[in-house]
Amino acid sequence: MIHSRAVLVSCVLVAVLLGLAAAQPKPKPPPAWPSGFTMQQVGYWPSQGNAKTNSTWWYDYTNSRHRFDHHTLRNTPLNILANYSAEYWIGVRLSLSLSLSLSLHLSRCSSHPLTSLHSIPLHSIALRCCLQNTLYMYNYDKQTCIVNNLGISIPTPNWFLTNTSTLGPLFQYLQHEDYYYEVVQTSTPGPYYRQYGPYNYYALSGSGVPFRMEGPGTALGVVVNDWYNMVTGTPDPSVFTLPATPVCNTGTFEESMEAISMSLLFARLARHPRHPIHSM
């Protein structure tokens, strides 16, 4: 009898918990980023002695460009990271609109009245492409610069909303310094480094302000980027003026991708010829 009651109580508790879980409203996806902002980023590499960098990020999606200034606060065991470095990603867009039409001339015949020349529009095609998507990676310690036109550009403002596989639960709390914040999560697979896992994006559940990104890595492993102090607005154009020195030399795609993996790890998030262009 006692065993039967215990089983009954357990079943009731399970039913109640399942009912509560089903009754929970699904969290709303976080909003897309603004087209321009400035933000602080603190990056961590847990598998590399918790190497830590502090960066300022200027983002200007309207003009297809962004810039990072990086300062290493705690290096890897092998001192892989430069103490001071920068990343400029400069794009140039070209927009075209094409209209195709088909002209038909119907001549006089017994079954049709005389008709004039008709122009029947088939469809219009709007094309947007980038003439240039150039990445400049500066290492100020060594006074070197790698430059390459990668054929991909900066992340779209809604990269974490496209092809999203999972949405994190409500009441998830993550820590920034000494405080915990309620966040909402999206998880997005990428075409690069899939074997290392998805990109997990977190935003404050109330305001939607970017909070954190966890991305798969290559040489340095998983990177965790914490974001602070977002200021919305297009950055001053002078921010994207390239330094006079050091002189940049063309690097290989692999060198540039490895350099990206040490900073933002957004290769998956960029627009690429093999993947659709996502717009707001």
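Evaluation of Arg212 against the conditions (1) at pLDDT 65 or above; (2) more than 17 Å from Leu161 (Cβ to Cβ) shows that the sole unmet condition is (2). Entry remark, the range 107-140: residues being among the hydrophobic types (A, V, I, L, M, F, W, C) and modelled with pLDDT of 85 or more number 2 in total.
Condition check ((1) surrounded by 13 or more Cβ atoms within 10 Å (Cβ to Cβ); (2) at pLDDT 85 or above; (3) among the hydroxyl-bearing types (Ser, Thr, Tyr); (4) on the phi > 0 side of the Ramachandran plot) across all residues:
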residue	(1), (2), (3), (4)
Lys142	no, yes, no, no
Cys145	yes, yes, no, no
Ile152	yes, no, no, no
His176	yes, yes, no, no
Ser187	yes, yes, yes, no
Tyr199	yes, yes, yes, no
Pro216	yes, no, no, no
Trp227	yes, yes, no, no
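For the range 27-37, the criterion of being in contact with a helix residue (DSSP H, G or I) (Cβ under 8 Å, 6 or more places away or on another chain), surrounded by 21 or more Cβ atoms within 10 Å (Cβ to Cβ) and not in a strand (DSSP E or B) is met by at least one residue.
The values are calculated or read from the model by the stated rules, or taken from the named source; none is laboratory data. Just so we're clear, the structure is a prediction, and the values are computed from it rather than from any experiment. Cβ sites come from the backbone with ideal geometry, for glycine too, and all protein chains shown count toward neighbours.
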